[in-house]
Structures are given as C-alpha cells and as structure tokens.
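Colleague: Below is one structure. I have some questions about it.
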Amino acid sequence: MAEKLARLGLFTDVDLLLHLPLRYEDETRLTAIRDVLPGVPAQFEVEVVSSEIAYRPRRQLVARVKDASGAMVMRFLNFYPSQQKALAAGARLRVFGELRGGFFGDEMIHPRFRVIRGDEPLPDRLTPIYPTTAGLSQGVLRKLIQHALDQADLADTLPEPIRRRLAMADFGASLRFLHQPPPDVSLADIEARHHPAWRRIAFDELLAQQLSLRRAYTARRARGAPMLKAAGRLTQKLLASLPFKLTGAQQRVWHEIANDLAQPHPMARLLQGDVGSGKTVVAALAMLQAVEAGHQAALMAPTEILAEQHYRKLSAWLAPLGIDVAWFAASVKKKQRDEWRAKVSRGETPLAVGTHALIEAGIEFERLGLTIVDEQHRFGVQQRLALKKKGQSAHQLTMSATPIPRTLAMSYYADLDVSVLDELPPGRTPVVTKLVDEARRDQVIARVHDACRAGRQAYWVCPLIEESEALQLKTAEETYARLTAELPDIKVGLVHGRLKADEKAAVMAAFVRGDMQVLVATTVIEVGVDVSNASLMVIEHAERFGLAQLHQLRGRVGRGAHDSACILLYARPLGENARARLKAIYENTDGFEIARLDLHLRGPGEFIGSRQSGVPLLRFADLEDTRLVEEARTVAEELLRDQPQAADAHLGRWLAGREELLKA
Ligand code: ADP
Ligand code: MG
C-alpha cells in the first residue's frame, strides 16, 4: 500500500489532504430508470431480475434489473466470480453509471454497483473521485483521506487580518469542502476550480512557493562573493571599438548588472531579451568587468553552434584588447583543450567559452568571478547543478531569448533578479509573416528564387519530427534535393543535427560568408545564428512547431535593412491548438505577448524546462491568475518581514520533506 501511495506522491497526512478530487459523483439522490437522461451519470436502486453469462460476441456478464419505473441491462465485459454471485436474481443494488441505448435496449456498461441489505441511508455529501493508481481503490483512498481529515491539524496558517483583507476562505473548511462537498453546490463550478475553496488552496500553494523562493533569495544575499569593482577601463575600450552604440535598454541593463557585480554577495540575475535584442554585448561587458577586477569569467551555451558563435564574437571583440578567450567544446582537439585547461587553471586565460564541456571533468578556474549561461532552460538538470556547484560563490547571469510571461517570472523566478532588454537595436525591418497552404509550395520556391537573385539569402526550416530523428533527417535531405534540383542557379546547403561539428561549422560558415544562398536546416539554426543578409525564412509544417520556436525562428530574419518575410507553410487538417498557434504568430510580433499566449496554450512546463526539478510544480494554482500571484507575493513579503513564525508554519505544511528539492 505504501508503495502504491508513493506512486501518487502521497507520503504524509498533508499529502493526503492535498490529494484533491478530480471530480465528483452525486450519490445523494436516486433516479428512476424512466426519468434518466442518456449520457448523464445517475444513481439507481434496482432489483436483479436475472443474470447470465452470454457469449455474444464474446464472454460477458449480463444482468437484467428493474425498478418501479422501468428496466435496464447491466453489462460487464470483465468481471470477477464474486460479481457474478452478487448479481443473483432478487438482489437489491445501488447502481451508479450512465444509461445508454444499446443493442439490448437501455443498458449500462460496467456500472459501479453495491448490494444493499435492509435500510441504507443515502450519503449526504457528494462522492469524491480521486486520481489513483492500479490496485488502489477509490474506497481505500477515501478512507485514508477521511482519516487524515480527522487527524491532521488544519489550523489556518494565514493570519486572520490578512485572511479577512483578501476575503480568503478558511483553510480547513476549504479542504473539507473540496473533499466532501454538500449536494447543493454547482459541480460545474467546483470542477472548473471556480470556487472560493479552490482559490484558497491555490493561494496557499502560491504563497508557499513565494516564501521558499524569497527565502532562497535572502539566503543567497547572505553568502559572500568577490566584489567585481572596476573603473571601466576595459568596458570603455570595448564600447569605443564597436561599430554601434548601445541601445537605451542595453545601457540600463548593463548598469543593473555592473552594479550587482560590485556587491559582496553573488548576483543571480536573469537577462531576458528577444532574439536579436543584443544580449551578447551585454555579456561581454560583464565579463570584462570581472577581468578588470582581477577575476575570470565563463560563458556557457547549450549547443556547439551557439557556443562557437559566442566564442568567435568575443574573440573578435576582445583580441584587440589583448584578452585571451579559451574555447571548450567536444570538437576541440584534446591537446588544445588540455592547453586551455592548464591556462585557465593557472589564471593566465581570463575568459572561457564553451558548451557543457566547460563544466565537465577537470576544468578548474583559478579565480572564477562570473558565470554566464545562455538559454539555460535548454540544459539538463545535472548540467545545471554542476554549474551551480562550480560557481557557488561566483556571480551568475543567465540569458534567455524566450520571453517569460510576467506571472511566471514572478512565481518561478522569484529567487532571481530580472533585467529585460525591451528594445531592439535600430535599423531592423519588421518581418512580414505569411501563412501559406502547403499545396502552394511551388510559389514559395519561386519566391525563394527571386530573393536569391536579388542578392538575398534564405533559410528553409524542415519539419520537426519528434518521434524520429532519422525521419527528420530524411525529410531534410529530400527538401534539400528538391530545392537543389529546382533552383539550379542557386547554391543550396544542408545542415542538421547528425553532421559532425566541423561539417556543420563549414556549412554555417559558407552561409555566413554568403557563398551559399539557401540554407536548408533542421531546427539547429533556432538559436543564435546571425546573418543580416538573410531576408527570407520558410518554415515547413509550421503547425508542428511551438509558438516560442516559431518566434525564435522568425527572429533570424529582419536583421538587416532589407524587406524580410517569414513564410509559414502549413498542412491541413489543422487541429484547434495548431490553428491557435498559427493565428498567434501571424498576429503578433511582440515576444512577451507571444509568450503570454504560449503560456495560455501550453502551460508553464515549457518555459521552465528542467527548472521543474528545482521548484515544485504548481498543482493547483493557475499562473494566468495574475492577481492571485501578485497577492501571494505581497503576503509572502509581509509574512517574512512581520511574522516569520507564520511563514515557517506555512512552509512546514506545504513543503514538509521537500526542502531538498528546493536546493537543486
Ligand atoms: P541576441 O540577444 O539574440 O543574443 P545578439 O547579441 O546576437 O542578439 O545581437 C544581434 C545582432 O545585433 C548582432 O549582430 C549584434 O552585433 C547586433 N547589435 C547588438 N547591439 C546592437 C546595437 N546597440 N546596435 C546595433 N546592433 C547591435
Ligand atoms: Mg544570443
């Protein structure tokens, strides 16, 4: 039993209390067979007329039953001998299920039933139906939960004045209500979680999350880190050498980061900026401040292409300043890597860029002051933990081009400070988005041709095939072959995940140099490549992509002064969700608005990625309820400031035994 409960995540009384019903059944009333509506679950009290095992078309148990108003058939395709015995002629039953018109007249397939003897009063509460697992019956779960409700301390952890101010229902009353609602409530309301009792549970969950994250925040600020103070000699030099001026947003964000770095405790800041908003230069400035302050800095990216682009860019910017950058990736020869490693560990090379190779065995920094992680949510849990260990007392900056909706930032990221680049560098042309039926692919190919003849370049992104990488590769190769055949005067290239790193790099380099006009790609180009002459993006089977991915891909064009377009090829039939995504990407260009719609369509899991392991997922609260998230945040601050014992009690209830998770 303990094993089965563990499978449901149920270890303590509190776990049981918070194991809330999926739905309810109304067994407080009886319905006459004659009055029942088809498809509406109802309870009947009947007498068995006859029962038999039939073989039409397969072995099944068929019982004919009746009440004063009419008759029906109960059918069981799987059954135990005990059930057969219970359905003896003359037995009285309470039956719960849906009546349907069947081959044998009105019938119920696999109804729930119970033999009754003598007078059995009807329950006065709705019957909860809990999420469960094989071998654990509703009846057993119900008893355990009932026991927990009787035993557990349901005292309210929310101080009375706050509860009154927010018009929050009492905690214990809310739980009792949700486990055992009275029959006169609107089931639709509770099941849709539109009920004050749900609001209370959701609030408590958000409050626990806020409290734990704010505590983590405070704990971090109590730890020490090197103060990376600098007069700005190096950063000034870099800024003077750039062919552009920082945007207002870049300046603001850079000041926030520079200020954090000079503090005696570790920075933990998330830098959010849409694709192309110019995060790299901000990262470079931060790294230079660390170097000038006598420390080292590391920059890590999730893919080799992206890491390499960072490496090239940083080297180009920093070599003139006399600053060395070490480069760690799988494709770097061992000898070269050993050399870099030695230099980094002796502190001779101040900066290192790499993929996760950077945190793997043996790279020790002499005095690491700052780690920067690009697109952190794409790293695995283990890699992120390793990185965290490595930089315990280092400042940390994470960068993300996936805009995170505000409520999500406020909840899951409450332990971080957030900077936002909300302005694109000047000179970008807006990208025109077109939705085109796959049947008109020839016209799209003609359009690619025109663009290339006009001196531009184009990306052609192949469909995402999650089930099979091999199939994905095959499709990409076919598209490549077809475009090569149909555009004989145009140089077409192909890049995909199976290529060796140096092969991939060669194709990308040719595209960047302009030696190649069309780049057929699987989604590997999704992150980071920067070719301002590319003005056309074609995405095949766009209906299969997520909103964030479409937004990222579209951000690859419109980087130069040329008119740019993104053509979304779609195949019918379109599901409802796919249609909603295409509509959203067609109608919106603002990353934050797209992120908000994405959260609405897909829920928070997609955004937080492996971060889930670090923070318990919200089970009850809905992050679209901005107001509730805000209220929880305010109350968390208030409790931590004025009533830390109430905060402790609340955390004890919600996170008991899960503190370990929070440390990840
Ligand atoms: P992302 O935020 O997507 O990582 P990048 O850092 O790659 O964006 O910057 C995109 C492009 O914009 C790069 O070519 C970069 O050099 C350029 N860029 C960055 N900041 C500015 C600016 N202030 N003015 C003009 N171009 C800029
Ligand atoms: Mg980038």
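The values are calculated or read from the model by the stated rules, or taken from the named source; none is laboratory data. All values reported here derive from a predicted model rather than from experimental measurement. Heads up, the Cβs are rebuilt from the backbone with ideal geometry, glycines too, and the neighbour counts pull from every protein chain shown.
Colleague: State the number of residues belonging to segment 194-231 that are buried (at least 20 other Cβ atoms within 10 Å of the Cβ), part of a helix (DSSP H, G or I), among the small types (Gly, Ala, Ser) and more than 22 Å from the chain's Cα centre (by Cα).
Modeller: 1
Colleague: Please name all residue pairs, on different chains or six or more residues apart, with Cβ atoms under 6 Å, provided the first residue is in segment 393-421 and is within 21 Å of GLY555 (Cα to Cα) and the second residue is crowded, with 23+ Cβ neighbours inside 10 Å and among the β-branched types (Val, Ile, Thr).
Modeller: Correct list of pairs: THR398/VAL373; SER419/VAL253; LEU421/VAL253.
Colleague: Could you say whether any residue in segment 528-535 is among the hydroxyl-bearing types (Ser, Thr, Tyr) and within 16 Å of ligand 1 (Cβ to nearest atom)?
Modeller: Applying the first criterion (among the hydroxyl-bearing types (Ser, Thr, Tyr)) to segment 528-535 yields 532, 535.
Checking which are within 16 Å of ligand 1 (Cβ to nearest atom) leaves us with 532, 535.
For segment 528-535, residues among the hydroxyl-bearing types (Ser, Thr, Tyr) and within 16 Å of ligand 1 (Cβ to nearest atom): present.
Colleague: Ok, one more. Under 8 Å by Cβ, and 6 or more places apart or on different chains, what pairs join a residue from segment 242-258 that is under 18 Å from LEU228 (Cα atoms) with one that is more than 9 Å from ligand 1 (Cβ to nearest atom) and assigned to a loop (DSSP other than H, G, I, E, B)?
Modeller: ILE257/MET267
For every residue, the table says whether it meets (1) under 30 Å from PRO573 (Cα atoms); (2) at pLDDT 75 or above.
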{"position": "LEU387", "(1), (2)": "no, no"}
{"position": "GLN396", "(1), (2)": "no, yes"}
{"position": "SER400", "(1), (2)": "no, yes"}
{"position": "PRO403", "(1), (2)": "yes, no"}
{"position": "MET410", "(1), (2)": "no, no"}
{"position": "ASP417", "(1), (2)": "no, yes"}
{"position": "VAL420", "(1), (2)": "no, yes"}
{"position": "GLY427", "(1), (2)": "no, yes"}
{"position": "ARG440", "(1), (2)": "yes, yes"}
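Colleague: If you take the residues in segment 302-318 that are crowded, with 19+ Cβ neighbours inside 10 Å and charged (D, E, K, R), which one is nearest to ligand 2 (Cβ to nearest atom)?
Modeller: GLU308
Colleague: Residues that are within 13 Å of ligand 1 (Cβ to nearest atom): list the helices (runs of 4 or more DSSP H) wholly contained in segment 232-349 that include at least 1 such residues. Walk me through it before giving the result.
Modeller: Working: elements: 233-241, 248-261, 279-292, 304-318, 334-345.
Answer list for segment 232-349: 233-241, 248-261, 279-292, 304-318.
Colleague: Still on this structure: Criterion first (under 25 Å from the mean Cα position of the chain (by Cα), at pLDDT below 85 and not hydroxyl-bearing (Ser, Thr, Tyr)) does GLY528 satisfy it? I'd like the intermediate steps shown before the answer.
Modeller: Details: under 25 Å from the mean Cα position of the chain (by Cα): yes; at pLDDT below 85: yes; not hydroxyl-bearing (Ser, Thr, Tyr): yes.
Considered against the rule, which asks whether it is under 25 Å from the mean Cα position of the chain (by Cα), at pLDDT below 85 and not hydroxyl-bearing (Ser, Thr, Tyr), GLY528 comes out as yes.
Colleague: When you look at ALA32, is it closer than 20 Å to LEU122 by Cβ and among the small types (Gly, Ala, Ser), yes or no? Don't jump to the end; show me each part of the working.
Modeller: On the way: closer than 20 Å to LEU122 by Cβ: yes; among the small types (Gly, Ala, Ser): yes.
In short, yes.
Matching residues to (1) within 28 Å of SER419 (Cβ to Cβ); (2) more than 16 Å from ligand 2 (Cβ to nearest atom); (3) assigned by TED's automatic domain parsing to the domain that holds VAL557:
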| site | (1), (2), (3) |
| --- | --- |
| ALA284 | yes, no, no |
| GLN289 | yes, yes, no |
| HIS295 | yes, yes, no |
| MET300 | yes, no, no |
| PRO320 | yes, yes, no |
| LYS333 | no, yes, no |
| ARG337 | no, yes, no |
| GLU360 | no, yes, no |
| LEU370 | yes, yes, no |
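Colleague: Condition test on LEU553, is it over 22 Å from HIS310 (Cβ atoms) and either within 16 Å of ligand 1 (Cβ to nearest atom) or surrounded by fewer than 21 Cβ atoms within 10 Å (Cβ to Cβ) (or both)?
Modeller: Numbers: over 22 Å from HIS310 (Cβ atoms): no; either within 16 Å of ligand 1 (Cβ to nearest atom) or surrounded by fewer than 21 Cβ atoms within 10 Å (Cβ to Cβ) (or both): yes.
No; evaluated as a whole, the condition is false for this residue.
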